[in-house]
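What follows is a set of notes on a single structure, which appears directly below.
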Amino acid sequence: MVRLENRQWGLVAVVAVTPFFFAFLLAAQAPGLVEPVLGTAIGGASWLLAALLGLLGGALFAGGLSTLAHSPWFATSPVRRVLGMTFASLVPVGLCIVPAMCLLLAGPALALRLERGTTVMTSREQSRTPRELAQRILRQQLPRVLPSLPRANPW
């Protein structure tokens, strides 16, 4: 890798810590999500994997920037510099940052689901038609006996 400038290392750091930043924002927005995430192996592993994906994205972005800094056409025009940095950032964002965000959101949801004891649908349940699944869910959620409703007096 070619030696990057200080401002380029700042951009690499911004890309690398994006999942950490969003994890802190998510924890601040919904503090109830932190306990199941850190209390279960699946939730903690999803956030750890998201952090590792962020660091990998930063490394990919640093490699892309070093390639651009080594090429002669990068320094000739500001427009080329902006386009090159945009294309260099698309790869780590698409391959690492977006999946990391999905892990940050899916990890707490899966941890909460497992904590509550709800099961994930089996392949037999997935093969049923949507109508059968809806009927089964409605049967489980509706009360066994409907309360008696007051009747309207006809004139």
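What is the residue count in segment 1-29 for residues that are more than 30 Å from THR67 (Cβ to Cβ) and either of a type outside the set (A, V, I, L, M) or under 15 Å from the mean Cα position of the chain (by Cα) (or both)?
5
Cβ-Cβ under 6 Å, sequence separation 6+ or interchain: first residue in segment 9-28 and without any contact (Cβ under 8 Å) to a residue 24 or more places away in the chain and farther than 21 Å from ALA62 by Cα, partner in a helix (DSSP H, G or I) and hydrophobic (A, V, I, L, M, F, W, C). Which pairs?
Close Cβ pairs (under 6 Å, with a partner that is in a helix (DSSP H, G or I) and hydrophobic (A, V, I, L, M, F, W, C)) amount to ALA27/VAL34.
Laboratory data are not the source of any read-out in this text; all were calculated from the coordinates shown. Not measured: the values here are computed from a predicted model. All Cβ positions, glycine included, derive from the backbone under ideal geometry; neighbour counts span all protein chains shown.
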